[in-house]
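Take a look at this one; I'll ask things after.
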Amino acid sequence: MAGKQIEIKAISRNTGKHSSRALRRERLVPAIGYGPKTENFNFAITENDVARYANSKYENEIFKLVSDDSSINGKLVLKKDMTVHPVSRRPVHLDFFVPDMTQKVKVEVEINFEGTPKGTKEGGIFNILMRKVEVECLPTEIPDTVTVDVSDLGLNEVLHVAKIDLGSDKIKMITSEEETLATVAAAKEEKATPEGEGDAAAAADAKPEDKK
């Protein structure tokens, strides 16, 4: 579950393009925090921290801001969005959501597919169509992942969201249960061309040479 409240250093900053450029020269990334019970506030975090917590496993993590600014210090935030430079791929800006810890939030959670579909042993191909689902729960109840066992998925069978066990009645599935997570489809066979038939067809399509 998220909610371990990893501490991350938050540095106060001014707004404006010049300020943002100066921060980036110092390897700091401009950020904004917002939420239902807080006024928007600006801060910055180091590029090292951005890289350290860029992994998808931190996507729904609760971070605790640590700052010399008392108005920011101690705030609990969730990562919402990151803008990167189109060429350098360096982070340019971050958005953080400040949740009301007593109110449920909607978040996307990664799916962990477990096991080997039995249909693949019959020559089928396992196709994953959805890698995340949306759930609703308290910020402290957000799961790191949701797991679904695909072992019983046979050839030409379909696995739906309804098969996911969230493991807690405190977590509600928002994604439609009818949505398809994965399938095991029969491999398409290429039709072989009889020997010589291809050459004959090519000869028939060839244009005759102009007579001189």
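Where a number appears in this text, it was derived from the coordinates with a stated rule and is not lab data. Note that the structure is a prediction, hence the values are computed from the model and not measured. So basically every Cβ, Gly included, is an ideal-geometry build from the backbone, and we count neighbours across all protein chains shown.
How large is the dipole of segment 6-97 about the Cα centre if only Lys and Arg carry +1 and Asp and Glu carry -1, each at its Cβ, rounded to the nearest 20 debye?
On the way: 16 positive and 11 negative charges, 65 e Å.
The dipole magnitude comes to about 320 debye.
Okay, next question. For the charge dipole of segment 105-186, defined by +1 on Lys and Arg C-beta atoms and -1 on Asp and Glu C-beta atoms about the Cα centroid, which residue among Leu153, Ile142, Asn127 has the Cα displaced farthest towards the positive pole?
Ranked along the dipole, the leading option is Asn127.
Using a simple charge model, +1 on the beta-carbon of Lys and Arg, -1 on the beta-carbon of Asp and Glu, nothing else, what dipole does segment 105-186 show about its Cα centre, in debye to the nearest 20? All intermediate terms of the calculation are to be shown ahead of the outcome.
Details: 8 positive and 16 negative charges, 34 e Å.
With Lys and Arg at +1 and Asp and Glu at -1, about 160 debye.
Further question: Between Ile6 and Val92, what is the label-point separation in nm under the 7 Å Cα-to-beta-carbon projection?
2.5
Give me the net charge of Gly33's neighbourhood, meaning all other residues with Cβ under 13 Å from the Cβ of Gly33; Lys, Arg count +1, Asp, Glu -1.
On the way: positive: Arg13, Lys37, Lys64, Lys75, Lys79, Lys80; negative: Glu39, Asp69, Asp81, Asp95.
So the surrounding residues net to +2.
Another question, if that's okay. Roughly speaking, what is the stretch gain from Ser168 to Gln103, that is 0.36 nm per residue apart minus the C-alpha to C-alpha distance, in nm to one decimal? Kindly include the intermediate steps, with their values, before the conclusion.
Values: separation 65, 0.36 × 65 = 23.40 nm, distance 1.69 nm.
Stretched out fully, the Ser168 to Gln103 stretch lengthens by 21.7 nm.
Taking Cα atoms of segment 105-186, Rg/Rh with Kirkwood Rh, to two decimals? Display every interim value, and only then the final one.
Details: Rg = 13.4 Å, Rh = 13.1 Å.
Result for segment 105-186 is an Rg/Rh of 1.02.
Can I ask one more? Distance cut-off 32 Å, Cα to Cα: go down the list Lys9/Lys163; Lys57/Lys172; Lys79/Lys121; Lys80/Lys163; Lys9/Lys104 and report the pairs above it.
Working: Lys9/Lys163 40 Å; Lys57/Lys172 20 Å; Lys79/Lys121 41 Å; Lys80/Lys163 28 Å; Lys9/Lys104 26 Å.
Where the Cα-Cα span goes over 32 Å, the pairs concerned are Lys9/Lys163; Lys79/Lys121.
What is the log10 of I(q)/I(0) for segment 6-97, computed with the Debye formula using one identical point scatterer on each Cα and no solvent, at q = 0.13 Å⁻¹?
Listed by q, the Debye log ratios stand at -0.39.
If you bin the C-alpha pair distances of segment 60-107 every 5 Å from 0, what whole percents do you get?
Answer for segment 60-107: a P(r) of 5, 18, 21, 20, 17, 12, 5, 1, 0 percent.
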